There are 2 protein chains.
Amino acid sequence: MPKAKYDDIYRDLKERIEQEEYVYQSLLPSENELAARYDCSRNTVRRAIAQLASDGYVQSMHGRGVRTIYQPVEQAAFTVGGIESFKESVARNHRVASTEVLEFRHVIADAKLAARTGFEEGAALTYILRLRLLDGEPLILDHNYFRSDIAKGLTEDIARASVYDYLEGELGIVITTSKRTMTVEKVTAQDRRYLDLKGYNCLAVITGQTYDDHGVQFEWTQSRHRPDYFRFQDVATRTRPGV
Amino acid sequence: MPKAKYDDIYRDLKERIEQEEYVYQSLLPSENELAARYDCSRNTVRRAIAQLASDGYVQSMHGRGVRTIYQPVEQAAFTVGGIESFKESVARNHRVASTEVLEFRHVIADAKLAARTGFEEGAALTYILRLRLLDGEPLILDHNYFRSDIAKGLTEDIARASVYDYLEGELGIVITTSKRTMTVEKVTAQDRRYLDLKGYNCLAVITGQTYDDHGVQFEWTQSRHRPDYFRFQDVATRTRPGV
């Protein structure tokens, strides 16, 4: 199974980089050395390296080696990146999380909601409002609208556990693309009711749309984060501006 | 020139999608139809589509067509995305920008600065503090450290115009990867001195490191943005969490 092999190498190299066996700005061993070490083809090594590059761990220099660009994050923060559910983020950050479902109801998108979310007017949606707690502290207020004909059979219990586990595991939905916008917004009365804002008068807000493998939008979400626990990471490669 | 051809098609399709000739969630014409329309190969069409997908404009459904997932942004905002200089962002947003250079000096990285920025202790750096104004309003406070042995010959005039134009155009540096972290931070006395904060007590902060095509870090930057003008966009594709 080449997929498993490449994934093993990717994980092993990632761990070595995180543990600073290969320190920031140093070169990794050559493709040939890695292929010998892991007893695999150079193509398999390249695939693992490509994944590390897209994670922002290394940068390839086209035939001149691979340099690490990873630095450990100094403070324990709740990091947002990739399309990850709250539960997955928490596990990765070794925190204890809980979720309170504050609202759960079925709605029909009116013109205003349709314009805001990107769903068609008249679409049947499931609205969920959840409070996310980390180590007992309320940190995130999550608003979700799911298209009810795709995300079928959602319940409060599923919302309390993990909607993504259910969509992928039970319904077999392939979650493919997420478009997100990060803004900083003044707090609302609702934010204040549920979050202890520690003197901040604004929040980090991520608003996003999620698409399945048919390119169909099945989710609109807005997560309102207490600022001191919020960190959003991004790796970009430069596109030269056009003439 | 296949590069120019693919780029023309990419731009043309992008414009049609932005003008909602192809509305949100509709299908693009087939590869064959597009190849006939643009008088090019299907490979060239695919390359243009791949670029649109990485911009978050469309999603391919592997043999079953291409669906648009683009929606126009309703409010005029200063959007951050990709590795773009301030000047380029402004041009793309059709705004009038100006820059004030507040500080310009040469420093040697001590242990604390090295830990903060990722440069080696003892590295010779050029520090620049700039205020960015949009349509006359001070919106962003930009702190930059450049490695002086790579970003050679920087001057205040260059800092006032565009450092990236100089690095790429004059020095021939290939700016390749940028790693960025977005946080929300309480305002400092320095922020208050230069920015009119409209009652917000925090700022949107982007902290980043930029690498050339040798994978060497040549820049550390921190941009402190007035919240109401800040918007950060991101397109993510889902990686299934490991076992």
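The values are calculated or read from the model by the stated rules, or taken from the named source; none is laboratory data. Here the structure is a predicted model, which is why all the values come from computation and not from measurement. All Cβ positions, glycine included, derive from the backbone under ideal geometry; neighbour counts span all protein chains shown. Accessible surface areas use protein heavy atoms only, side chains included; no ligands, DNA or RNA. Shrake-Rupley method; radii C 1.70, N 1.55, O 1.52, S 1.80 Å.
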**Complete:** Within the stretch B:191-218, the count of residues that are open to solvent by 10 Å² or more (accessible area, probe 1.4 Å), assigned to a strand (DSSP E or B) and of a type outside the set (A, V, I, L, M, F, W, C) comes to 3
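Say we look at the stretch B:185-202 and pick out the residues that are in contact (Cβ under 8 Å) with a residue 24 or more places away in the chain and touching a Cys at 6+ places or on another chain (Cβ under 9 Å); which of these is farthest from residue A:206 (Cα to Cα)? Explain how you work it out, then say what you get.
Taking the stretch B:185-202 as the starting set, the residues that turn out to be in contact (Cβ under 8 Å) with a residue 24 or more places away in the chain are B:185, B:190-191, B:194-198, B:200, B:202.
Adding the requirement that they be touching a Cys at 6+ places or on another chain (Cβ under 9 Å) leaves B:185, B:200, B:202.
On the way: B:185: 16, B:200: 18, B:202: 17 Å.
Taking the candidates together, the pick is B:200.
Among the listed residues A:171, A:203, A:131, which satisfies the condition of being among the hydrophobic types (A, V, I, L, M, F, W, C), more than 11 Å from chain B (Cβ to nearest Cβ) and closer than 27 Å to residue A:94 by Cα? Walk me through how you get there before you give the answer.
Working: A:171 fails: closer than 27 Å to residue A:94 by Cα; A:203 fails: more than 11 Å from chain B (Cβ to nearest Cβ).
That would be A:131, the only listed residue that is among the hydrophobic types (A, V, I, L, M, F, W, C), more than 11 Å from chain B (Cβ to nearest Cβ) and closer than 27 Å to residue A:94 by Cα.
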**Item:** Sole residue being more than 20 Å from residue A:227 (Cα to Cα), among the hydroxyl-bearing types (Ser, Thr, Tyr) and either free of Cβ contacts under 8 Å to residues at least 12 places away in the same chain or out of contact with any strand residue (DSSP E or B) (no Cβ under 6 Å at 6 or more places or on another chain) (or both), chosen from A:164, A:145, A:127
**Value:** A:164
**Request:** Could you grab me the full set of residues in the stretch B:170-180 that are farther than 13 Å from residue B:218 by Cβ and open to solvent by 60 Å² or more (accessible area, probe 1.4 Å)?
**Result:** B:170
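Considering each residue of the stretch B:125-152, count those that are more than 24 Å from residue B:181 (Cα to Cα) and out of contact with any Leu (no Cβ under 8 Å at 6 or more places or on another chain), and give that number. Let's see the steps before the verdict.
Residues of the stretch B:125-152 more than 24 Å from residue B:181 (Cα to Cα): B:135-137, B:149, B:152.
After this cut, where a residue has to be out of contact with any Leu (no Cβ under 8 Å at 6 or more places or on another chain) as well, the list is B:135-137, B:149.
Total meeting the criteria: 4.
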**Asked** Which strands (runs of 3 or more DSSP E) does the stretch B:64-157 wholly contain that include 3 or more residues that are modelled with pLDDT of 90 or more, in contact with a helix residue (DSSP H, G or I) (Cβ under 8 Å, 6 or more places away or on another chain) and surrounded by fewer than 18 Cβ atoms within 10 Å (Cβ to Cβ)?
**Response** B:97-108
**Scan of the stretch B:163-207 for residues that are within 23 Å of residue B:136 (Cα to Cα) and in contact with a Phe, Trp or Tyr (Cβ under 8 Å, 6 or more places away or on another chain), ordered by number** = B:163, B:187, B:201, B:202, B:204, B:206
**Request:** Within the stretch B:8-32, work out how many residues are within 11 Å of chain A (Cβ to nearest Cβ) and without any contact (Cβ under 8 Å) to a residue 12 or more places away in the chain.
**Result:** 1
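Among the residues of the stretch A:11-22, are any farther than 27 Å from residue B:173 by Cβ and crowded, with 18+ Cβ neighbours inside 10 Å? Walk me through it before giving the result.
Here is the first cut: in the stretch A:11-22, the ones farther than 27 Å from residue B:173 by Cβ are A:11-16, A:18-21.
If we keep only those that are crowded, with 18+ Cβ neighbours inside 10 Å as well, we get A:13.
Yes, some residue in the stretch A:11-22 is farther than 27 Å from residue B:173 by Cβ and crowded, with 18+ Cβ neighbours inside 10 Å.
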